[in-house]
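The values are calculated or read from the model by the stated rules, or taken from the named source; none is laboratory data. No experiment lies behind these values; they were computed from the predicted model shown. With ideal geometry, Cβ positions are generated from the backbone for all residues, glycine too; neighbour counts draw on all protein chains shown.
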Amino acid sequence: MPNIVYIATSIDGFIAKKDGGIDWLFEVPNPDGSDFGFSGFINNIDAIVMGRNTFELALRFGDWPYNKPVFVLSKTVKSVPNNLEDKVEILNQNPHAIVKELNSRKYFNLYIDGGKTIQEFLKHELIDEIIITRIPILLGEGIPLFDVLNKEQKYEHIKTDIFNNALVKSHYRKLRN
Ligand SMILES: NC(=O)c1ccc[n+]([C@@H]2O[C@H](COP(=O)([O-])OP(=O)(O)OC[C@H]3O[C@@H](n4cnc5c(N)ncnc54)[C@H](OP(=O)(O)O)[C@@H]3O)[C@@H](O)[C@H]2O)c1
């Protein structure tokens, strides 16, 4: 504990274009070159859990962008490129088993990333915190952050920051019944 989502979405709730494109995330003016709090967040994370599609996107960045252990969820990918063998591990289990396994390895603060992955963790009521940054664009279509849930889940608002009068970053924590 906790399992945390830290993600950016369009106003209409998409995390990427239909083709996976995320250029629109970086089009907001950022004269100070701010990371909008990401490094502070990642410093407190023990490990990152991401879906295979998000992993494939990260591979295209050139230099590996993460300085924390990364666990990639996939039923189809069985191995990682040689240069990432000490940084990335593939897991193929259900979300509860994944959290149990990683907690047993002393990874407690987990960053859960990727649309389908987040949706699956939400369905299992395994997301404790959501930090969501709204980008002022309507994409119209794309890869959605949320899917239907079979019951409601309540969160409390922790805080909202507005950056450059454009990005609205809100932090929510799950209320336990
Ligand atoms: N806006 C943002 O801040 C942000 C952040 C992250 C990602 N993105 C974008 O989001 C897109 C990726 O999201 P996505 O919804 O396509 O999917 P995703 O969650 O990154 O990847 C989905 C894949 O993960 C695997 N998977 C998920 N749960 C699993 C489990 N329990 N066990 C085994 N495998 C599991 C499956 O891979 P297999 O098919 O191999 O089994 C599944 O097809 C990318 O385009 C990326 O650019 C945007």
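Filtering the range 14-34 to residues that are farther than 19 Å from GLY142 by Cα and surrounded by 11 or more Cβ atoms within 10 Å (Cβ to Cβ) leaves ASN30, SER34. Using the structure shown, decide if PHE71 is more than 8 Å from the ligand (Cβ to nearest atom), of a type in the set (Phe, Trp, Tyr) and in contact with an Asp or Glu (Cβ under 7 Å, 6 or more places away or on another chain). Answer is yes for this residue.
Within the range 79-125, the residues that satisfy the criterion of being part of a loop (DSSP other than H, G, I, E, B), closer than 15 Å to ILE48 by Cβ and within 13 Å of the ligand (Cβ to nearest atom) are VAL80, GLY114. Residue pairs whose Cβ atoms lie under 8 Å apart, separated by 6 or more positions or on different chains, with the first residue in the range 36-59 and closer than 9 Å to VAL72 by Cα and in contact (Cβ under 8 Å) with a residue 40 or more places away in the chain and the second more than 11 Å from the ligand (Cβ to nearest atom) and charged (D, E, K, R), are ILE48/LYS68. Looking only at the range 131-141, filter to residues that are more than 10 Å from the ligand (Cβ to nearest atom) and touching a helix residue (DSSP H, G or I) at 6+ places or on another chain (Cβ under 9 Å); which one of those is nearest to TYR172 (Cα to Cα)? Applying the filter and picking the extreme gives ILE131.
Would you check if there is a residue in the range 29-48 being within 10 Å of the ligand (Cβ to nearest atom), over 23 Å from LYS123 (Cα atoms) and in contact with a Lys or Arg (Cβ under 9 Å, 6 or more places away or on another chain)? Among the residues of the range 29-48, not one is within 10 Å of the ligand (Cβ to nearest atom), over 23 Å from LYS123 (Cα atoms) and in contact with a Lys or Arg (Cβ under 9 Å, 6 or more places away or on another chain), which makes the answer no. Between ASN82, ASN30, ASN92, ASN53, the distinction of being polar (S, T, N, Q) and within 28 Å of ASP161 (Cα to Cα) belongs to ASN30 only. In this structure, is PHE61 surrounded by fewer than 13 Cβ atoms within 10 Å (Cβ to Cβ), within 15 Å of the ligand (Cβ to nearest atom), modelled with pLDDT under 95 and within 22 Å of ASP161 (Cα to Cα)? Taking the combined requirement at face value, the residue does not satisfy it. For THR76, the criteria (1) within 16 Å of the ligand (Cβ to nearest atom); (2) assigned to a loop (DSSP other than H, G, I, E, B); (3) free of Cβ contacts under 8 Å to residues at least 40 places away in the same chain; (4) within 20 Å of ASN43 (Cβ to Cβ) hold in every case but one, which is (4). The residue that is modelled with the lowest pLDDT, counting only those in the range 1-13 that are surrounded by fewer than 16 Cβ atoms within 10 Å (Cβ to Cβ) and under 16 Å from the mean Cα position of the chain (by Cα), is MET1. Being near the ligand (Cβ under 10 Å from one of its atoms), in contact (Cβ under 8 Å) with a residue 24 or more places away in the chain and farther than 24 Å from ILE11 by Cβ is a condition met by no residue of the range 148-157.
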